[in-house]
1. Multiply the residue gap between HIS490 and HIS179 by 0.36 nm, knock off their C-alpha separation, and tell me the result in nm, one decimal place.
2. How far apart, in nm, are the 7 Å Cα→Cβ label points at ARG641 and ALA326?
3. Hey, for a label at GLU129 modelled as a point 7 Å past Cα toward Cβ, could you say which residues of the range 270-314 have their backbone N under 11 Å away?
4. With unit charges on the beta carbons (Lys and Arg positive, Asp and Glu negative) and the dipole taken about the Cα centre of the chain, which residue among LEU507, GLY427, THR6 sits farthest to the positive side?
5. Give a residue-ordered list of calculated ³J(HN,Hα) values for the range 156-163 (Karplus: 6.51 cos²θ - 1.76 cosθ + 1.60, θ = phi - 60°; whole Hz; x for Gly, Pro).
6. In debye, nearest 20, what is the charge dipole magnitude of the chain about its Cα centre with +1 on Lys and Arg Cβ and -1 on Asp and Glu Cβ, if you could check?
7. Please list LYS123, LYS452 from largest to smallest accessible area, probe radius 1.4 Å, with all protein chains kept in place.
8. Tell me, what is the per residue accessible area of the chain in Å², probe radius 1.4 Å?
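The values are calculated or read from the model by the stated rules, or taken from the named source; none is laboratory data. Note that this is a predicted model, so its numbers are computed, not measured. Here Cβ is always computed from backbone atoms with ideal geometry, including for glycine, and neighbour counts include all displayed protein chains. Protein only, heavy atoms only, side chains kept; ligands, DNA and RNA dropped before computing areas. Shrake-Rupley method; radii C 1.70, N 1.55, O 1.52, S 1.80 Å.
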Amino acid sequence: MTTHRTHLHLRAAGTSLLLELADDLLPVVRHWGSDLGELTEDELASLALASRVAINDSPFDRADQVAILPEHARAWIGRPGVEGSRGGRGWSPAFRTTGAPAPGVHRLADGTQRVVVQARDEKAYLAVELEIELHPGGLLRTRATLTNTGEEVYDLGAVRTTLPVPEHADELLDFTGRHTMERAPQRQAFTAGAHSREVRTGRTGLDAVHLLCAGESGFGFGHGEVWAVQLGWSGNQVTYAERQYNGSRVLGAGELLEHGEVRLAGGQGTTTPWMYAAHGTGLDEVAARFHAWLRTRPQHPIRPRPVTLNNWEATYFDHSLPRLTALVDRAARVGAERFVLDDGWFGGRRDDTTGLGDWVVSPDVWPQGLDPLVDHVHAAGLEFGLWVEPEMVSADSDLARAHPEWIFSAGGRRGLESRQQHVLDLGHPGAYAHVRDQLLALLDRYDIAYLKWDHNRYLNDAGHTPGGEPGVRAHTLAAYRLMDELLAAHPGLEIESCAGGGGRVDLGVLDRAVRVWASDCIDPLERQQIQRGTFLLVPPELVGTHVASGRSHTTGRRHDLDFRASTALWGHLGIEWDLTTCTEEELVELATWVAFHREHRGLLHTGRVVNGDHHDEGTWVHGVVAQDASEALFEVALLRRSATTGPHRVRLPGLEPERRYRVCLERPGRPPLEAGRGVVPWAVEGITLPGRALAQVGLPMQPVDPEHSQLWRVLAADLC
């Protein structure tokens, strides 16, 4: 019997995806990785043939049949793409593609290459549509829509998509963490079995996988092939790496559904979140693909990101108007452009035990409404922002007393109280309308440019009343819909995703939010790691990075202002500090740093993020290089002392090898260095060298104390 094969080759920005469709079967991935160049149909067929292995006694020994939606029926012995049944039947579907001719590659207006494959299993009464897209920046994404074509209900357990990686991807990197210590990296060998990261807390998580990467052993920021995936979803989920005895290795992801959470009636379907994937040489190239995707979306902010002062660590629940207006005046003086009023402005909220869910301005704290503060903020030349936590409810609130049935409750019991609060089940139409209408009333009443959207409690025991059915998925979709409604009603409104710190940082919420809060910890030493991990997925302009007070509120450490400011410089800059307690010298120094950020944020918020693979683990090098490589800014941070004396030589990645660059030491708020003891010669007046020399040989760093850093400004010599 003759097998008919079709090959689809998608190429973009150094990435190739080769799909093979044999007869009427779901597409098999023959290659996902480095660009293969222009290939004829015969060459594509030969390459696909070369990827097929010998068949011995058992078809299960084959490692060459990795479909984007894996099937038991094709001898896949790992996690299947679809799990579920219809009363115990239809649990192992065998999909066959429908329609003629075979699927092709369609190019969208923005240059995205798109493949859509439709298939059915007539015996299991299921249909599936697979969508595969390769973005012009090299980012790949896939999703599946599963439809019940029968009359009986189909109880869905999972729909997951996968992508294969080659055998030399023998090391895994992902992330974990906790409150105030998010995005901590962890590495391990890619051994046989499944490395599975599951989220059962109803939000992406402070311990989120963030990115799951597989790569060549020892891969770094600038070397070694790397493959990475991220699920664009803010609810329960699973992301996994799986290696079989037969040699196959895949990365996969999908929603993690509770029993009975998705029951498809006849004719009903469900669509998975997108699984995003990127390949590159080194982590920096992988990050660049995610950044390119985010930056080319129509909702990506194009105006300069306003420097923000948030009052939380300055005043906490003290909402005295004189104190806040004094803080606003100091914020304007140092160059801030937005003021955000945090928790405590609404209902009976005088501390963190009451009031959540009552989103009306407190007449006790604000007898004239927010107008006096908003007017003062605008008169000072700043935008006004407001903190909200729309998905939460306090037991001591008017809302909870009026509608206890809107609070998540499983098994006839209310979930454990955490932070003196519960979760409002937005799957109830009444609860959704209550929150939507109160927020719209605020946005209609006041000129609010920005909502800091918090989410401080897990969705454990998230049962939808009165029956207690699982409700995380419906709640997550409702939260998305709520954000979408507010944004549609108020064009120009910006939303920040904050969740107990950095607990909801994913590509699902970033379809709505234009800022994520990386962590409640703004100790600059901790933030160096937190921001390094966050920037692997999210470009700097979408990450809130604030200058803290001299003594960290979360760790108790003390740091000089230059280290606090030089760490916060790199993202969407903000200030979280009671400026009314600052000395005149501190205000002048902070204003200098804010001015420096505003001068260079065009570069910081559009350039390529790069990291140096430095030999000393205590010396970190990172920066941003303009897309045309005409300029760059680097930070060299000494996080701890080295066992050997310095100064350490620092190499600068990302520059054009043959182009000559002028490198100067930047010292915002401080005088230039003078030649003498303890000063490296080049730091006095700068130095000019080719990019290749700066990348291969580098320059000695100017000696600094531990937990301090320095900035290196790089400009193409022909532009000096």
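1. Values: separation 311, 0.36 × 311 = 111.96 nm, distance 3.22 nm.
Stretched out fully, the HIS490 to HIS179 stretch lengthens by 108.7 nm.
2. Taking the simple label geometry, ARG641 and ALA326 are separated by 4.1 nm.
3. Correct set: 270-271.
4. Ranked along the dipole, the leading option is THR6.
5. Running phi through 6.51 cos²θ - 1.76 cosθ + 1.60 with θ = phi - 60° gives 8, x, 5, 9, 10, 10, 9, 9 Hz.
6. Values: 71 positive and 96 negative charges, 164 e Å.
Here the size comes out at about 800 debye.
7. I get LYS123, LYS452, largest accessible area first.
8. Numbers: 27260 Å² over 720 residues.
So the chain comes to 38 Å² accessible per residue, rounded to a whole number.
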